[in-house]
Amino acid sequence: MPKHELAMRKIFKIASLVLLLLFAFSIDNGFAQTAAKKKKPKVLRESARKLMHSRDSLFQALNKGDTSFSSLVQRLSQYTNSFNQINNSLAEGLDTADVSQQIPTVVKRISRIKALVNTKKSSTLRYLFVLRDNLDHLQDDLDGWESDLDDVNTKLVQNQHDLLKFKSDSLLANAIPSDTALRDAFFDKRADLGQLWRKTDSTNRGDLLKVNLLQNKIATIYSTILDESDQIDAKIKKFALRAISGEFDYVWIRNNQYNPLDSALNGTVKLNTIQVSFFFKSKATVHIIALAFFLLIVGWILYNRLKTIKHLEHREIIIDHTKFVYKNPLTSALLIVTTITPYFYDHPPVFIFECAFIITTVLVLILVRKYFPLSLFHFLFQLFWLTLIYSLSNLLIQITNADRYVILVLSIISIIIAVRFYIKSKKEPEGHLRYTHIVLIIFILLQVISLILNTTGRFSLAKIVGITAVFNLWLTMSLYFINRIIIQVMFLQLHTKRAESSFISHLDYNELQKKFRNILTIFASLLWIFFLLQNLNVDDWVHDNLLDALNLQRTIGGATFTYGGFVIFFIVIWVSSLLSRVISYFYDLSAQHANDLSVLKKKNRASTLLIRIGVFSAGFLLAVAASGFPLDKLTIIFSALGVGIGFGLQNITNNLVSGMILAFEKPIQIGDIIEVNNRTGTVKEIGIRSSKLATGNGSEVIIPNGDLISQNVVNWTLSNTNRQIELVVSVAFGSDIQKVTKILHDMLCNRDDIMTAPGPQVFLTSITDKSADFQVFFWAADIADYLELRSRILANICETFEKEGIQLPKS
């Protein structure tokens with residue numbers, strides 16, 4: 001075919017395409033103007049998609065020799081969208097401004113700490129711990145910054161990877177559409193995309209460089225912190241050895257090698273100022289939590305007190321049970337807050353901690369002054385002034401001669417006032433706390449040890465022991481009051497709900513107090529031990545060594561385990577056991593207060609056994625999973641112990657299975673009156689292995705569940721609480737049989753305490769030469785009252801026979 005014909009045919013195709021597009025556009029435009037108001041957006045989108053597909057089909061029809069053009073355009077569009085997304089994310093800026101601003105401050109703080117570590121001023125254990133706590137807090141901040149920068153860096157690296165894909169895309173670099181018009185359009189789009197790529201790549205590389213520089217700075221700072229921490233730890237070890245060997249000579253030998261008191265005071269003020277300033281500037285989240293805890297406790301106590309004032313029934317009883325909370329609500333609330341809140345913080349500044357501690361001692365003095373003997377108040381009041389001096393001495397960051405003699409005098413005075421109070425409390429034991437004498441003996445022993453250590457030159461150890469003795473005595477008092485305050489607020493909570501038909505109103509305060517006091521005692525003991533370790537400055541050492549011992553992997557017989565796994569296992573088992581008891585208690589409580597007896601029986605309480613078994617089983621499986629025990633090893637162990645379980649534990653297994661049968665079959669339930677093994681009583685508890693039977697004489701009989709399944713059990717209340725009563729009545733021979741029968745029958749009928757269906761019955765059973773014997777049957781509606789009813793009926797029979805002149809048989 002001639003070239004001019006080919007050119008004409010090509011021009012014709014392009015013209016046809018243009019005309020077709022113009023025609024389609026005109027039709028679409030006209031249709032849109034006439035029916036835009038009638039079409040919905042969904043219809044418009046569908047029509048637009050159809051037109052786009054039709055245009056793509058025309059492009060492909062015109063460019064039969066270049067079928068890859070659509071894929072090239074699609075690839076260009078994908079790159080364009082990707083680069084636009086990267087630009088949008090980069091335009092928002094990097095979340096590193098806070099890190100960049102704080103790095104200079106951190107560097108200055110580390111330089112200051114480094115200078116202090118390298119001087120001789122860091123001569124007390126308290127001071128070394130303060131410096132190390134600062135480094136620990138800085139290290140925590142750097143850990144968070146590193147994590148944030150790693151996230152930003154990962155995102156930027158992914159952006160760079162996407163940008164490099166475009167640079168190495170050979171298809172876009174070498175592809176040339178055959179059609180001239182399409183080729184020009186393709187080149188234009190690729191050029192625009194290249195310009196967008198260069199802009200995006202430049203911005204991303206710049207941000208990546210900034211992040212890498214910040215990461216390098218943080219890595220350098222982190223390395224410096226680790227070096228300084230190691231140096232401080234080495235100094236602490238040296239200090240411990242020096243403290244044991246003694247910093248001073250004996251007390252009567254003067255030593256002038258340590259700094260004067262004014263120098264120590266100046267250094268202490270500067271360091272604590274920095275510490276307090278940093279404390280209030282940081283930890284904003286913990287401050288909010290502490291404030292919320294304060295408002296919660298104050299609100300809880302005041303709310304229940306105000307509601308109690310509105311319900312003034314039994315006011316004397318309420319005041320007697322809640323004397324701390326009712327008469328001193330704000331003091332009680334503040335005592336809880338000032339004692340507990342400092343533990344929200346990880347190693348707060350000593351000044352802040354001691355301020356809260358002093359407030360706690362003042363609150364304890366207020367409560368002791370009002371509710372305990374004056375001898376206890378006088379002792380604590382004298383100890384309070386000693387505590388103030390101990391607290392100021394504890395803040396000092398340098399060892400001084402004056403401080404040594406102050407601690408020596410404080411130990412002597414503490415021993416004197418404690419011994420005097422011990423003697424007085426022995427003579428007048430009324431009103432004192434339960435463990436007063438034990439606490440005083442421990443306090444005196446610690447102060448004697450402090451005095452001996454100080455006399456022999458081991459001042460640092462003497463100071464630590466003396467401060468620990470004083471601080472932990474106050475903590476013992478505050479924890480006692482906190483325990484009592486919480487229990488008293490619970491009493492107020494229950495009292496205010498008595499008038500309401502709420503679930504809380506059914507709780508038994510005495511039982512709840514007994515259970516909850518044990519839990520509070522456990523937590524108070526743990527807090528006391530933690531405070532003791534903290535005062536002795538060994539809390540971090542104990543924590544680190546304990547974690548190392550618990551997490552160290554050990555192997556026995558091919559099985560790997562850790563002591564920490566055992567601890568977790570037993571803790572989860574204990575918590576699950578406690579939780580099962582709590583759930584069963586509240587479930588059983590709701591059943592006890594059901595209005596309908598049938599509801600009580602349906603909801604009752606053997607089902608609580610299923611709940612306890614279910615919760616305990618779930619807790620066991622969770623304990624196994626949380627402890628990290630290999631289940632395959634446990635399977636082997638259980639298989640090996642199968643024979644032992646079958647023979648050695650067959651009675652226990654029998655009782656456990658019997659407990660499951662009792663739970664599902666429910667032949668007996670809690671509250672039923674049963675008779676088994678010649679023992680009669682009320683079922684008090686159905687346990688997993690055994691059950692408790694409360695007898696009439698006040699004793700409780702523990703019966704294995706196997707006996708309740710394998711032996712004959714008489715259940716007097718299985719389907720109802722009715723009880724038939726049988727009486728044998730004898731009258732003298734010769735009495736009128738019809739009259740006696742009528743008297744007995746009439747006396748039992750029409751009584752409110754005897755059931756009418758089935759009604760009472762009277763039978764003549766035997767006649768002898770001395771008497772005529774009758775059997776009387778009637779029913780009591782409640783088996784709990786049958787003995788009392790039987791007694792009343794016998795007394796009425798005697799009175800009636802006497803009135804009617806009916807003689808009883810003579811022996």
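The values are calculated or read from the model by the stated rules, or taken from the named source; none is laboratory data. All values reported here derive from a predicted model rather than from experimental measurement. Positions of Cβ are generated from backbone atoms using ideal geometry, with glycine treated the same way; all protein chains shown enter the neighbour counts. Side chains included, ligands, DNA and RNA excluded: accessible areas come from the protein's heavy atoms. Shrake-Rupley method; radii C 1.70, N 1.55, O 1.52, S 1.80 Å.
Things worth noting here:
- Pairs where the first residue, in segment 151-169, is in contact (Cβ under 8 Å) with a residue 12 or more places away in the chain and the second is among the polar types (S, T, N, Q) and open to solvent by less than 100 Å² (accessible area, probe 1.4 Å), C-beta under 7 Å, 6+ apart: VAL152/THR96; ASN153/GLN215; LEU156/ASN204; ASN159/ASN204; GLN160/ASN204; ASP162/SER82; LEU163/THR200; LEU163/ASN204
- Test: LYS684 is touching a helix residue (DSSP H, G or I) at 6+ places or on another chain (Cβ under 9 Å) and either farther than 26 Å from GLY614 by Cβ or open to solvent by 70 Å² or more (accessible area, probe 1.4 Å) (or both): no
- Of residues in segment 561-577 being in contact with a strand residue (DSSP E or B) (Cβ under 9 Å, 6 or more places away or on another chain) and open to solvent by less than 60 Å² (accessible area, probe 1.4 Å), the one modelled with the highest pLDDT: THR562
- Set side by side, the residues LYS165, LYS108, LYS210 differ, and just one is out of contact with any helix residue (DSSP H, G or I) (no Cβ under 6 Å at 6 or more places or on another chain), at pLDDT 85 or above and either over 21 Å from VAL350 (Cα atoms) or not in a helix (DSSP H, G or I) (or both), which is LYS210.
- Check on ASP403, touching a residue at least 60 places away in the same chain (Cβ under 8 Å) and surrounded by fewer than 16 Cβ atoms within 10 Å (Cβ to Cβ): no
- Those residues of segment 432-471 which are touching a helix residue (DSSP H, G or I) at 6+ places or on another chain (Cβ under 8 Å) and either on the phi > 0 side of the Ramachandran plot or assigned to a loop (DSSP other than H, G, I, E, B) (or both), in sequence order: HIS432, LEU433, ARG458
- Subset of segment 738-752 [open to solvent by less than 50 Å² (accessible area, probe 1.4 Å) and either in contact with a His (Cβ under 8 Å, 6 or more places away or on another chain) or touching a residue at least 12 places away in the same chain (Cβ under 8 Å) (or both)]: VAL740, THR741, ILE743, LEU744, MET747, LEU748
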